[in-house]
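Quick note: the coordinates plus some simple rules give every number you see, no bench work behind them. Owing to the predicted nature of the structure, the values given are computational and were not obtained by experimental measurement. Note that each Cβ is placed from the backbone with ideal geometry, even for glycine, and that neighbours are counted across all protein chains shown.
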Amino acid sequence: MKMPLPDDGVIARRGDIVAAMRGIVPGEGVIVDEEELKVFECDGLLAYRQLPLIVVLPETTEQVSRILRYCHENGVKVVPRGAGTGLSGGALPLADGITLGLGKFNKILEIDFYNRCVVAQPGVTNLSITSAVDGDGYYYAPDPSSRIACSIGGNVAENAGGMHCLKYGLTTNNLLAVEMVLMSGEVVRLGGKHLDSGGLDLMGVVTGSEGLLGVITEVTVRILPKPTSARVVLLGFPSSNAGGRCVAGIIGAGIIPGAMEMMDKPAIAAMEQFVSSGYWLDVEAILIVELDGPEVEVDHLLGVVEGIARDVGCSHVRVSEGEDERRQFWAGRMSAFPSVGRLSPDYMTMDGTIPRHQLPAVLTRMAQLSDSYGLRVANVFHAGDGNLHPLILYDANRPGEMEKAEAFGADILRLCVEVGGVLSGEHGIGVEKRDLMGDMFTDQDMVQQSRLKCAFDGHGLLNPGKVFPILHRCAEMGKLNVRDGRLPFPDIPRF
Ligand SMILES: Cc1cc2nc3c(=O)[nH]c(=O)nc-3n(C[C@H](O)[C@H](O)[C@H](O)COP(=O)(O)OP(=O)(O)OC[C@H]3O[C@@H](n4cnc5c(N)ncnc54)[C@H](O)[C@@H]3O)c2cc1C
């Protein structure tokens, strides 16, 4: 994996940069010691590590603005970082860049029940938002499994999803407004508490922008009243194919469950060993379907779902009786990642999305790839929205095995695109999938996306080396003669 070559000139100016940062962020907010920098050397994509030039931990929007203005004027790169749980390497540091940690932006600024929203600083964890309004019967719907740790700013930057996003939408559907600092130091506000606001609607551009367009310093999110009741039905199938047909049947019947998750046999065995959720070990796939809403509606839909499941050959059914059992059914799925971690010294979490009806074909092809690479794979997926999380098991201590796992992962993502899906469902592109962008987008598409980046960050200083496989200098963009989608000299890296 290639990153932009570090600029020795910037590294030579490290002392000046540290002094300038200390002038903006007093106290312990500037980290320069190598031991302390190590904490920030990677995010959740542990395979890639790099010590940052320095780390700066501002506490106010004004400090962020001054830091970015300084970096803009002095040609210093900046990598924004929330909690560092990202799985695609978006917060991977640069040797000649400042890592800008938002961890000290950790306050909830306003709870507004009248407008059903919460205004929070970006370093607030996802779960803290629900915890702040839970006692009043509200919650924040997007629920990544990392919600105890990941930041709401990182959620916006990645357009994070979760188990309940099938019915209630991803971050983008629950985000009302942001305050963002541009690389020039300018502070902008987009959106508002109300449904529409003046100016261009740029919220969709900023959501999922992976720290490439600006640094988010405030977030306003929608909160929802908690459903009056929720029950889970566990369904066991003799094949993943039958499970896939059940998913199609439920959606086809016009039912949108609160959550609908599927896992295959290796994943089931790992989870059941880790947390006893009562999952059957003699099935090939389990579907967890949560139905929420008024009790009478939930009871009715449970019957309909069970009927659909039996029609496609479901062999085992269990419905949760009470809240404790509902939580117990979820406990295994919630601990999917740590439990699979016990099966193998290392594993790689993939994230691709496919049209739901392609699930059986993709699972079959994935099993063939697993055989040909000689690497095991355990599958968990947000079945309702077609978002797959194949977990590729490998041992990094065996020479060449990590590269093999990466090649296997790339083939899975190419397969997702081939069947009409996309490279990511919720974990973003970062560095992990950067070099696969060409499998999904034409050169022309990517030039257009780069132009958008240039409109926000003309010098390409904000999180360079991420998302785009080729970084064009913004100045040369206008001069490139791209004809019929063909970029001149495509092999020349443009860092
Ligand atoms: C065990 C585990 C389970 C997970 N489960 C899920 C899941 O179910 N669903 C899901 O969607 N994700 C999941 N993730 C991935 C991850 O938690 C999310 O992508 C999350 O949104 C990242 O938030 P963060 O604060 O850790 O961001 P970071 O990792 O720090 O950064 C992620 C990206 O956002 C940018 N960024 C961060 N903060 C800002 C900011 N304030 N302004 C501008 N850019 C910023 C960074 O530059 C980087 O590109 C999981 C991760 C782990 C480790």
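Some notes on this structure:
- Residue match in region 106-119 (condition: crowded, with 21+ Cβ neighbours inside 10 Å and within 15 Å of the ligand (Cβ to nearest atom)): no
- Selection within region 375-392 - more than 18 Å from residue 422 (Cα to Cα) and either surrounded by 22 or more Cβ atoms within 10 Å (Cβ to Cβ) or free of Cβ contacts under 8 Å to residues at least 12 places away in the same chain (or both): 377, 378, 392
- Of residues in region 278-309 being more than 27 Å from residue 168 (Cα to Cα) and of a type in the set (D, E, K, R), the one surrounded by the most Cβ atoms within 10 Å (Cβ to Cβ): 284
- Test: residue 178 is in a strand (DSSP E or B) and either under 25 Å from residue 100 (Cα atoms) or polar (S, T, N, Q) (or both): yes
- Which listed residue, of 149, 157, 95, is under 15 Å from the mean Cα position of the chain (by Cα) and not in a helix (DSSP H, G or I): 149
- For region 153-169, the count of residues that are within 16 Å of the ligand (Cβ to nearest atom) and among the β-branched types (Val, Ile, Thr) is nonzero.
- Condition broken by residue 11, with the remaining ones in (1) without any contact (Cβ under 8 Å) to a residue 60 or more places away in the chain; (2) outside any loop (DSSP other than H, G, I, E, B) satisfied: (1)
- Meets criteria (surrounded by fewer than 24 Cβ atoms within 10 Å (Cβ to Cβ) and within 21 Å of residue 175 (Cβ to Cβ)) for residue 140: no
- For region 419-437, a residue qualifies if it is within 21 Å of residue 362 (Cβ to Cβ) and assigned to a helix (DSSP H, G or I), and the qualifying residues are 436, 437.
- Among the residues making up region 31-84, those that are of a type in the set (D, E, K, R), more than 12 Å from the ligand (Cβ to nearest atom) and out of contact with any Pro (no Cβ under 7 Å at 6 or more places or on another chain) are 33, 34, 35, 36, 38, 49, 59, 62, 66, 69, 73.
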